[in-house]
1. What is the number of the single condition among (1) farther than 28 Å from B:THR108 by Cβ; (2) away from chain B (no Cβ under 13 Å); (3) part of a loop (DSSP other than H, G, I, E, B); (4) in contact (Cβ under 8 Å) with a residue 24 or more places away in the chain that A:HIS29 does not meet?
2. A:LYS83 versus (1) over 24 Å from B:SER99 (Cα atoms); (2) not in a loop (DSSP other than H, G, I, E, B): which is the lone unmet condition?
3. Go through (1) open to solvent by 10 Å² or more (accessible area, probe 1.4 Å); (2) under 12 Å from the mean Cα position of the chain (by Cα); (3) within 15 Å of B:MET10 (Cα to Cα); (4) more than 14 Å from every other protein chain (Cβ to nearest Cβ) and name the single condition B:VAL112 misses.
4. Restricting to the range B:50-60, name every residue that is assigned to a strand (DSSP E or B), open to solvent by less than 80 Å² (accessible area, probe 1.4 Å) and over 20 Å from B:ARG77 (Cα atoms).
5. Please give the number of the condition A:VAL66 fails out of (1) at pLDDT below 95; (2) within 12 Å of the chain's Cα centre (by Cα).
6. In the range B:52-71, is there at least one residue being within 12 Å of chain A (Cβ to nearest Cβ), at pLDDT below 95 and touching a Lys or Arg at 6+ places or on another chain (Cβ under 8 Å)?
7. What are the residues in the range A:76-97 that are of a type outside the set (A, V, I, L, M, F, W, C) and crowded, with 17+ Cβ neighbours inside 10 Å, if any?
8. Anything in the range A:32-63 that is more than 22 Å from B:SER9 (Cβ to Cβ), open to solvent by 30 Å² or more (accessible area, probe 1.4 Å) and in a strand (DSSP E or B)? List them, or say none.
Amino acid sequence: DGGITQSPKYLFRKEGQNVTLSCEQNLNHDAMYWYRQDPGQGLRLIYYSQIVNDFQKGDIAEGYSVSREKKESFPLTVTSAQKNPTAFYLCASSRREGRETQYFGPGTRLLVL
Amino acid sequence: LAKTTQPISMDSYEGQEVNITCSHNNIATNDYITWYQQFPSQGPRFIIQGYKTKVTNEVASLFIPADRKSSTLSLPRVSLSDTAVYYCLVPLRGSGAGSYQLTFGKGTKLSVIP
């Protein structure tokens, strides 16, 4: 877990609702990442950010949005356009993008009511 | 992008050495290969990282051949607490010249039997 925190641990979403998952790091890392994990699917990259005010789509960005207004924070919003949001969401950070070890937070489990 | 391939699951008795291989034909030249361990409902934990040949730390060894098209994580004398899912993270070549994307394998579930 290191210096990466994610909240909440569990989150419930109603139909048509947007929800935001928090990710904060105090490691002074430039790069941050969001992954989605489904059973038997491993980790799939949603979005990543190499520096403040910049971010790129990963493999499964549709239905998600992010912002990177501060170096230590990289919140993920799961929008109503994401039709199958139930999953385990993991945030990670590294000193810079690529060639650096990624350190992961404890994860947030999102469930649909 | 080509994907990585790992065995879905492996069983081992306590005290044995376990080798888990990740195949990645389309690996880029730019970056390291990294292995992670994950317990249920937790974030992945870094185990070891390497670029070529052999790397060893206090918990594991990593073997990478010269062509880098595979990597093997070696866990010496496993115990029950090593029961977990193990992932490789590999830089795969992208569509643009020199581009690559770090891609996780689907994971290998290791079960250690008493």
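The values are calculated or read from the model by the stated rules, or taken from the named source; none is laboratory data. Worth saying up front: this structure is predicted, and the values here are computed from it rather than measured. We place every Cβ from the backbone using ideal geometry, glycine too, and count neighbours over all the protein chains shown. Quick note on the areas: whole protein, heavy atoms, side chains included, nothing else; ligands and nucleic acids left out. Shrake-Rupley method; radii C 1.70, N 1.55, O 1.52, S 1.80 Å.
1. The one condition A:HIS29 does not meet is (1).
2. (2)
3. Failing condition for B:VAL112: (2).
4. B:GLY50
5. Condition not satisfied by A:VAL66: (1).
6. Scanning the range B:52-71 turns up no residue that is within 12 Å of chain A (Cβ to nearest Cβ), at pLDDT below 95 and touching a Lys or Arg at 6+ places or on another chain (Cβ under 8 Å).
7. Within the range A:76-97, A:GLN82, A:PRO85, A:TYR89, A:SER93, A:SER94, A:GLU97 meet the criteria.
8. Correct list: A:TYR48, A:GLN50, A:ILE51, A:ASP54, A:PHE55, A:GLN56, A:LYS57.
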